[in-house]
Amino acid sequence: MVIDASTIALLAVALVFAFLNGLHDSSNIVATMISSRAMSPRKALMLTAIAEFCGPFLLGVAVARTVGSEVIAPESIQFAVIIAGVLGAIVWNVVTWLAGIPSSASHALIGGLVGAAAMAQGPQVVQLAGLEKILIALFVAPIAGLIVGYIAMKTVLFLARGATPRINVFFRRAQTVTAVTLALSHGSNDAQKVAGIIVLGLITLGRQDSFFIPTWVLLVSAGGLAFGTSIGGWRIIRTLGGRFYKIRPVHGFTAQVSSAAVIGIASWLGGPVSTTHVVSSSILGIGAAQRVSQVRWGVAQEIAIAWLLTIPATGAVAALFYLGLRYLGWETMIYF
């Protein structure tokens, strides 16, 4: 494959997005584990990073195909649209990370692509069937996380009734297994989104004739995600790990089991879901199962507002980026 400035630009923005995605979303996996003192922060982040790197190689690439070929018609998309869409998502991820708000990188990426494409060629290039599939997954997954978390917590409390405080030792140790499972699910879902974008860009550059995921693309995507994860997004870790309610070992264990189940099923079905919102809603469901009044619902409201704003906000930012690239002549420039 020819490596020129266009390919380098594509890989650069994709890797920045993957890095920020890992930095942003690592908090979803390790927050409850750290807050419940099941594992030290550095050990938790490194274990999570390794599992996330392995995820896309173990659980398939259905999500990559959904993001890369079912939202925008590959044959009609421009290179500048991809760059603008990813840049819009990057800006949103940075803003929400600095604010400590657990937002969705998935929402941001889809919103960016749709906004840039609609600005470039009109809304007709958006494939409504694929967009509908993604929106259903993005909106249903948090609800599923809430319900599964609630049911899982009720089940755990029932099974552990009458147990001595020593059962907390089991919950702490078990989080090593559940964290790896959740990280594998997250790595599979989120690394595939980056891979889908890279392949879509390669098609527009004429580097590939059809949509398939080369091994090197998965390696690059998973590597960028794992690197960001290894650093950790501490602002969001504090939000998820303590601002909802005081996280104990049983909450950490149940949150990871619930989230891994929802995200794993979504990855298998090809639905790009928000790990942030699944984990957040699972934590809320678990807290509500124990005592509704102990949950700080105001924090959940902040997350819900960010959830609703993400797609239109990133779409608008990506559209502005596209206008800037068009002004520079990038909408017709493929090789430079």
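Values for this structure:
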{"quantity": "Per-region count, the stretch 36-65, residues out of contact with any Lys or Arg (no Cβ under 8 Å at 6 or more places or on another chain) and at pLDDT below 70", "calculated": "5"}
{"quantity": "Residue within the stretch 176-188 that is assigned to a helix (DSSP H, G or I), within 20 Å of residue 278 (Cβ to Cβ) and without any contact (Cβ under 8 Å) to a residue 12 or more places away in the chain present", "calculated": "yes"}
{"quantity": "Any hit, the stretch 301-320, residues being modelled with pLDDT under 75, among the β-branched types (Val, Ile, Thr), closer than 22 Å to residue 30 by Cβ and not in a helix (DSSP H, G or I)", "calculated": "no"}
{"quantity": "Test set (1) out of contact with any strand residue (DSSP E or B) (no Cβ under 9 Å at 6 or more places or on another chain); (2) at pLDDT 80 or above - residue 210 fails condition number", "calculated": "(2)"}
{"quantity": "So residue 215, is it among the hydroxyl-bearing types (Ser, Thr, Tyr), modelled with pLDDT under 80 and farther than 23 Å from residue 133 by Cβ", "calculated": "no"}
{"quantity": "Residues located in the stretch 276-298, provided they are at pLDDT below 75 and either part of a helix (DSSP H, G or I) or among the aromatic types (Phe, Trp, Tyr) (or both)", "calculated": "276, 292, 293, 294, 297, 298"}
{"quantity": "Residue list for the stretch 3-28, restricted to those being under 30 Å from residue 282 (Cβ atoms) and at pLDDT below 70", "calculated": "26, 27, 28"}
{"quantity": "Output for the stretch 153-179, where each listed residue is of a type in the set (Gly, Ala, Ser) and under 30 Å from the mean Cα position of the chain (by Cα)", "calculated": "174, 179"}
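The values are calculated or read from the model by the stated rules, or taken from the named source; none is laboratory data. Keep in mind that this is a model prediction, so the values were computed, not measured. As a convention, Cβ positions derive from the backbone with ideal geometry for all residues, glycine included, and neighbour counts pool all protein chains shown.
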